[in-house]
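*Asks:* Take this structure, written in C-alpha cells, and hold onto it; I'll ask about it next.
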Amino acid sequence: MPAMKRSITPAKAASLIPDGASIMVGGFMGVGSPNRLIDALVAAGKTGLTLIANDTAMPGKGVAKLVTARCLSKAIVSHIGLNPETQAQMNAGELEVELVPQGTLVECIRAAGVGLGAVVTPTGLGTPVQEGKQTLEVDGVSYLVEKPIRADFALIAARQSDYAGNLEYALTAQNFNPIMALAGGTVIAEPEHIVPVGMIPPDAVRTPASLVDHLIERAL
C-alpha cells in the first residue's frame, strides 16, 4: 500500500514558497492552473518570484493575478500577448520577460525532468532568440543549444488525486502540468477531488505519487 499524503491548505502551501523562489505553474491561458494556490500566493504578498509558465494569461485569470499583484520579478513564458499588464510592467522595466518558443520551452522543462543536459533545436536561429547561445551542427544542419529549465517549485493542477498523490488530468487542462511535475524541486498539486487509492485507473495516472510532495486540500 503506498504511503498516504496529508493534504494542506493553500495558505500553508504558499508559506512553503519563499520570496525570490522560482516557480513553474501549469496552465494554458489560465486553463489547468492551480487557482487557489495562486490566490494564496497573492494573499501572502509574495515578491521577487520567477515565473515559468506557458503564458501570463489574461487579466484576472490564473497567473495573471501574480502579475497584477506584482509578485514577480521575472517571467519565462512563450507569449504575453493577451496580458497588457505584463506588457506595461515589461516596458516600464519593472518585470523582466524572457520569451521562449513554446515547443522549446516545454522541451527544456522536460529535459530538466528527465536528466538531459540540453535540447538542440533549429527554432530561433537567426533571430534574437539566438543571442548569446551556443550553436551545434549535426549532419550539416545548425541547431541552437538550449539549456534545461528547472524550478524550485512546480505548482500544478489536476482533475483528481488519490490519497497517495497519484494525479489524473482532464483533457486539455493536462497541458504543461505533467511535464512540470518532473522538473520542480518541490511539487505541490492542487486537485479538484481527492479519492481513495484504486479509484483512479492505473492507465489514467499521468503523474505518479512519487513525484508529488504536497497535496492541496479539496475545496469545500
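Read-outs throughout are calculated quantities, based only on the coordinates presented, and are distinct from any laboratory measurement. Everything quoted here is computed from the prediction, not taken from an experiment. Glycine gets a Cβ as well: all are built from the backbone with ideal geometry, and neighbour counts include every protein chain shown.
*Asks:* For the chain, with only Lys/Arg (+1) and Asp/Glu (-1) charged at the beta-carbon, what is the dipole magnitude about the Cα centre, in debye rounded to 20? Spell out each step's value before the answer.
*Replies:* Numbers: 16 positive and 20 negative charges, 110 e Å.
It works out to roughly 520 debye.
*Asks:* Where does each of 76-87, 55-66, 179-190 land if you order them by average Cβ count within 10 Å, highest first?
*Replies:* Working: 76-87: 18.3, 55-66: 21.9, 179-190: 23.7.
Packing order, densest peptide first, comes out as 179-190, 55-66, 76-87.
*Asks:* Next up: Once label points are set 7 Å from the Cα along Cα→Cβ at both ASP19 and ALA170, what is their separation, rounded to one decimal in nm?
*Replies:* That separation, rounded to one decimal, is 3.7 nm.
*Asks:* A further question follows. Taking H as built 1.01 Å from N, whose amide H comes closer than 5 Å to the amide H of SER22, not counting residues under 5 places away?
*Replies:* Under 5 Å from the amide H of SER22 lie the amide H atoms of THR50, ASP152, PHE153, each far enough along the sequence or on another chain.
*Asks:* Rg (Å, one decimal) plus Dmax (Å, integer) for the alpha carbons of the chain?
*Replies:* Every Cα atom of the chain included, Rg and Dmax give 17.6, 59 Å.
*Asks:* Quote the Stokes-Einstein diffusion coefficient, in whole µm² s⁻¹, for region 164-215, based on the Kirkwood radius over alpha carbon pairs, a temperature of 4 °C and a viscosity of 1.567 mPa s.
*Replies:* Numbers: Rh = 11.3 Å.
This corresponds to a translational diffusion coefficient of 115 µm²/s.
*Asks:* Let me ask something additional. If I model a spin label at ALA92 and GLN134 as a point 7 Å from the Cα along the Cα→Cβ vector, what separation in nanometres do I get?
*Replies:* Going from the ALA92 label point to the GLN134 one covers 3.9 nm.
*Asks:* Applying a 10 Å radius around every beta-carbon, put 33-43, 193-203 in order of their mean neighbour count, most first. Present the calculation step by step, with values, prior to reporting the outcome.
*Replies:* Details: 33-43: 21.3, 193-203: 12.7.
Final packing ranking: 33-43, 193-203.
*Asks:* Additional query: What number, in percent, do you get for the relative contact order of the chain if the mean sequence gap of Cα pairs under 8 Å and at least 6 apart is divided by its residue count?
*Replies:* RCO, the chain: 23 percent.
*Asks:* May I pose another question? For region 21-150, report the translational diffusion coefficient in µm²/s to the nearest whole number, using Stokes-Einstein at 37 °C, 0.692 mPa s, and a Kirkwood Rh over Cα pairs. Could you put the intermediate results ahead of the total?
*Replies:* Working: Rh = 15.4 Å.
Answer, rounded: 213 µm²/s.
*Asks:* Please sort by residue number the GluC sites (Glu not before Pro) in region 118-220 whose DSSP state is loop and whose Cβ has at most 11 other Cβ atoms within 10 Å. Present the calculation step by step, with values, prior to reporting the outcome.
*Replies:* Values: sites: GLU131, GLU137, GLU146, GLU168, GLU192, GLU217; in loops: GLU131, GLU217.
Sites meeting the loop and neighbour criteria: GLU131.
*Asks:* Can I ask one more? If you average the C-alpha positions of region 6-53 and of region 113-171 separately, how far apart do those two centres end up, in angstrom?
*Replies:* 21
*Asks:* May I ask you to derive the FRET efficiency for LYS12 and VAL114 from their Cβ-Cβ distance with R0 = 25 Å, giving the value to the nearest 0.05?
*Replies:* Working: r = 30 Å, r/R0 = 1.20.
Once rounded, the FRET efficiency stands at 0.25.
*Asks:* Related question: How many times 2.2 N^0.38 Å is the alpha carbon radius of gyration of region 7-71?
*Replies:* Working: Rg = 10.7 Å, N = 65, 2.2 N^0.38 = 10.7 Å.
For region 7-71, the normalised Cα radius of gyration is 0.99.
*Asks:* Under 25 Å from the Cα of LYS147, which lysines turn up, not counting those fewer than eight places away in the same chain?
*Replies:* LYS74, LYS133
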